[in-house]
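A short write-up of the structure that comes next.
What follows draws every value from the coordinates through simple rules; no lab data is involved. Treat the numbers as computed from the prediction; the structure is a model and nothing was measured. Using ideal geometry, Cβ is built from the backbone for each residue, glycine included, and neighbour counts are taken over all protein chains shown.
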Amino acid sequence: MNTAAKLSAYGVVLALVAGGGWAAGTAVGPHPGAAGVPGGEDAGHSDTHGGTVAEAAQVKQDHEPAGLASSRGGYTLTPTTTTLIPGTTAPFTFRILGADGAPVTAYEVEHEKRMHLIVVRRDTAGFQHIHPELGEDGTWSVPLTVGDAGVYRVFADFKPSGGEATTLGADVFAAGDFRPAEHRPSHVAEVDGYRVELDGELAPGTSSKVTLTVTKNGREVTDLQPYLGAYGHLVALRGGDLAYLHVHPDGEPGDGRTAAGPAVTFFAEVPTGGTYRLFLDFRHGDKVRTAEFTVETGEGSHR
């Protein structure tokens with residue numbers, strides 16, 4: 001084959017590879033209409049005609065739900081630990097890199113912490129909400145234990161000084177025999193003798209009121225303790241891609257109107273219909289517990 005023919009064939013191969021990559025990216029891309037998730041806005045109102053490819057890509061990224069990407073808004077989550085050993089406690093370390101490639105070292109305090117790290121297996125088992133410590137070189141570190149093998153998603157929820165609140169996600173791996181968990185729809189959770197009931201339905205594309213009521217031994221718990229400046233924290237993860245939503249309750253301790261239980265009320269807006277896993281962190285008896293729920297939504301109005 002002469003040189004011209006070789007170059008022509010090479011160009012065809014490149015075109016096929018590029019076209020296949022675009023098609024694959026479209027097939028596995030995020031759900032449309034990500035309104036209501038941090039960082040998500042109405043994609044239908046964006047106009048990228050005449051813009052550059054980079055601008056169009058940025059618009060698309062800005063409209064994605066939180067936690068789907070490891071890099072967003074000029075920040076990149078870079079785990080320095082990528083493998084975990086089930087049943088073993090070891091430091092988990094990572095950095096947030098800025099647009100210049102240097103580790104970010106200045107963060108604002110949000111809900112009493114500079115970094116909220118959510119760790120959950122991709123089948124939404126083994127949920128943890130933990131708070132790493134920041135080293136002078138920009139490395140975050142926290143002791144971490146996972147009980148079982150599988151692929152785990154880590155979400156870094158933070159606000160860099162002078163920047164916007166951001167949530168980035170990345171996968172880490174725990175070797176071993178993986179057996180996926182099954183979660184049946186449930187509006188009631190039992191944890192450490194506490195019963196938590198969820199009242200309300202999530203409607204896509206609109207703010208939905210959900211109330212979680214905590215009881216113990218059949219009695220209402222009316223002395224919940226503040227945890228990170230609130231009587232409860234709610235994380236919602238969308239089934240399949242684990243799009244992330246962190247919701248804080250209506251009212252706060254000491255505001256003169258918010259009772260310390262038994263009910264904690266949230267207003268949450270999920271972007272699409274589907275199955276969601278909800279995780280409520282609450283504190284009582286000087287211990288933080290997590291109640292888990294599995295709820296399904298209808299199609300609703302996608303904005």
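Which trypsin sites (Lys or Arg not before Pro) in region 200-291 pass both tests, a DSSP loop state and at most 11 other beta-carbon atoms within 10 Å? Present the calculation step by step, with values, prior to reporting the outcome.
Values: sites: Lys209, Lys216, Arg219, Arg238, Arg257, Arg277, Arg283, Lys287, Arg289; in loops: Arg257.
Those satisfying the criteria are Arg257.
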### Query
Which aspartates and glutamates does Lys216 reach when only Cα atoms under 19 Å apart count, and residues fewer than 8 places away in its own chain are ignored?
Glu190, Asp192, Glu197, Asp199, Asp281, Asp286, Glu292
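Go through region 82-129 and name the GluC sites (Glu not before Pro) that are in a DSSP coil and have 16 or fewer other Cβ atoms within 10 Å of their Cβ.
Listed in order of number, the matching sites are Glu108, Glu112.
Count neighbours as other Cβ atoms within 10 Å of each site's Cβ, and list the GluC sites (Glu not before Pro) in region 199-303 that are DSSP loop with at most 11 such neighbours. Intermediate values should be presented prior to the final figure.
On the way: sites: Glu201, Glu220, Glu269, Glu292, Glu296, Glu299; in loops: Glu201, Glu269, Glu299.
Sparse-neighbourhood loop GluC sites (Glu not before Pro): Glu299.
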